[in-house]
Amino acid sequence: MNSRNFRLAPAVAVATAGLLFAGAAGTAVAAPSDESPTPTSSAASDEAQSNWKPGGWYDDEASCKKAGEQGKQDHKWREYQCKREERHPGRYDYQWHLYYH
């Protein structure tokens, strides 16, 4: 091996590491968030997906759906959905979270 290869090796290693890091960061940014739900209809646009707002927390799905239906009847929102989530991450206490728009 000649001395030129020894000089290029660190530069190639740095460039490769930079590309790997940029790819991992791009993947993390492009991945969908688990925090916001997506509408149930497949025809919903990206704009509609961002309109979901968090509502209250409920101990069971029936209570969450009851509150969601009441909000629809009171014309507070057009659609709702209940999603089972960790209320306090890391504590493993799951509750039902109401989302609406």
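Bear in mind these aren't lab numbers, they're just calculated from the coordinates by the rules spelled out. Quick caveat, the model's predicted, so the values are computed rather than measured. Every residue, glycine among them, receives a Cβ derived from its backbone with ideal geometry; neighbour counts consider all protein chains shown.
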For the pair residue 53/residue 78, report the inter-label distance in nm, with labels modelled 7 Å from Cα in the Cβ direction. 1.4
Net charge near residue 60 (other residues with Cβ under 11 Å of its Cβ; Lys, Arg +1; Asp, Glu -1) is +1
What nm distance separates the two modelled labels at residue 70 and residue 101, each placed 7 Å from Cα along Cα→Cβ? 2.5
